[in-house]
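Take a look at the structure below.
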Amino acid sequence: MSLSIGVIGTGMIGREHIRRLTTVLSGARVTAVSDVDDELAGRVAAAIGARVLPGTKLITDPSVDAVLICSWGGTHAEYVLAAIAAGKPVFCEKPLATTSAAGLRILEAESAYGRRLVQVGYMRRYDVAYRALKRELDRGTIGAPLMMHCAHRNAHVPSFYTPDDMIADTAVHEIDMVRWMFGTEIEAVRVLRPRPSSHAGELPDPLLLILELANGVLADVEISVNAQYGYDIRGEILGESGTAALGELSPVAVRRTGRLTTPIPADWRERFLAAYDVELREWVDTVRAGGVVTGPDAWDGYAATTVSAAAVLALRTGKRVEVAMADRPRLYR
């Protein structure tokens with residue numbers, strides 16, 4: 001039986017997921033959509049034969065089996081809480097919540113419900129390169145891990161992008177990734193500001209984050225959001241007896257006129273297209289089977305928001321900031 005999904009938010013990522021659910025994946029269909037822009041929602045709904053419903057009514061509608069939240073980040077907590085109250089599985093694009101307090105309310109609500117319903121959209125956990133890197137780490141191929149070096153470079157960012165977004169919208173992917181990669185929490189964070197790029201405008205670009213993990217591993221994250229040349233994601237782990245790094249992701253190498261060239265992804269959609277496919281396929285299959293979602297959960301979303309808040313404070317103050325998190329509820333242990 002096909003899973004009936006309601007999508008809240010029909011902007012870029014919402015339309016990408018709707019395309020994925022209607023033309024790439026099987027076992028699911030989008031039956032309702034919602035957006036603050038009624039005209040946009042109407043056009044999207046008409047193209048796929050779905051209904052337009054207000055967000056909270058979409059969640060409680062009996063014909064909707066599961067909810068996909070792709071709206072503005074400030075609305076996520078409200079919709080996730082409504083989905084928990086309705087007892088419906090909910091996939092929420094990051095962030096789960098924009099404050100630690102809101103994240104805690106979600107943890108409390110889901111714990112009271114007694115079953116995991118929430119999955120958060122951290123797609124790097126589904127990327128073939130990151131999964132291969134984690135397998136090598138878990139096998140002990142390079143010995144005990146000591147450090148990880150990361151880079152997250154965007155060619156450009158939109159005009160509404162803010163200094164805090166360098167942490168909360170961009171670096172948050174590495175924040176979640178290193179927690180997953182090493183299976184431990186981030187205890188403290190520092191943010192260093194080198195010489196600014198001439199392309200940075202009002203942004204503190206680039207930045208270097210230093211993440212201190214509970215197991216003693218240090219992870220540094222270079223964030224550059226006006227790199228000009230393309231979208232470039234890098235990661236390398238230093239172990240006691242070797243290193244493991246993300247491989248080259250270009251499918252082709254061209255040798256011509258004395259030069260070797262390989263294409264560079266233009267943006268996140270090109271680089272992580274397959275990861276998004278795997279992420280939603282696994283979520284749909286799990287929900288259809290009546291299982292408990294196994295992807296990034298509400299605790300992961302809460303942790304990423306809390307570490308991001310500490311990193312924003314470190315950016316503003318120039319100081320090392322310890323991460324203060326609540327005790328992990330039993331449901332997520």
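Since every read-out is calculated from the coordinates, none of them should be taken as a lab result. Owing to the predicted nature of the structure, the values given are computational and were not obtained by experimental measurement. Positions of Cβ are backbone-derived with ideal geometry, glycine not excepted, and every protein chain shown enters the neighbour counts.
Values as computed for the structure displayed
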read-out	value
With at most 14 other Cβ atoms within 10 Å, longest stretch of the chain clear of loop chymotrypsin sites (Phe, Trp or Tyr not before Pro) (DSSP)	230-333
On Cα atoms only, tilt of 100-113 relative to the major axis of the chain in degrees	50
Cut-off 9 Å between beta-carbons: net charge of the residues surrounding Ala219, Lys and Arg +1, Asp and Glu -1	-3
Gaussian network model of the chain, Cα within-10 Å springs - most flexible of Pro158, Pro62, Pro145	Pro158
Per-selection metrics, the chain (Cα): Rg and Dmax in Å	20.2, 65
Antiparallel %, DSSP beta bridges [both residues in the chain], to 5	50
Ranked Ile233, Ile84, criterion: other C-beta atoms within 10 Å, fewest first	Ile233, Ile84
Karplus-derived 3J(HN,Hα), 6.51/-1.76/1.60, for each residue of segment 54-62, Hz, glycine and proline x	x, x, 5, 5, 4, 5, 8, 4, x
FRET efficiency, Lys57 to Arg333 (Cβ-Cβ, R0 41 Å, nearest 0.05)	0.70
For segment 242-282 and segment 31-110, distance of Cα centres in Å	32
Fraction in percent of alpha-carbon pairs per bin - 10 Å, segment 54-125	22, 57, 21, 1
Fluctuation leader among His173, His149, His199 - the chain, Gaussian network, Cα springs under 10 angstrom	His199
Acute angle (nearest 10 degrees) that the helix 172-182 long axis makes with the longest principal axis of the chain, alpha-carbon atoms	80
Spread of Cα-to-Cα distances over 5 Å intervals beginning at zero, given as percent, for segment 89-209	2, 8, 15, 19, 18, 16, 13, 7, 2, 1, 0
Sorted by Cβ neighbour density within 10 Å, fewest at the top, the residues Lys57, Lys319	Lys319, Lys57
Extension gain (nm, one decimal) between Leu218 and Val292, 0.36 nm per residue minus Cα-Cα	23.4 nm
Between 0 and 90°, nearest 10: helix 298-317 axis offset from the chain longest Cα axis	50
Local electrostatic count, Ser63, Cβ distance below 14 Å [Lys/Arg +1, Asp/Glu -1]	+2
Alpha-carbon spread of segment 24-155, three principal axes, descending order, Å	53, 36, 31
GNM top mover of Asn226, Asn154, Asn215 - the chain, alpha-carbon springs below 10 Å	Asn215
Given the chain, longest segment not containing exposed loop GluC sites (Glu not before Pro) (DSSP; at most 11 other Cβ within 10 Å)	1-201
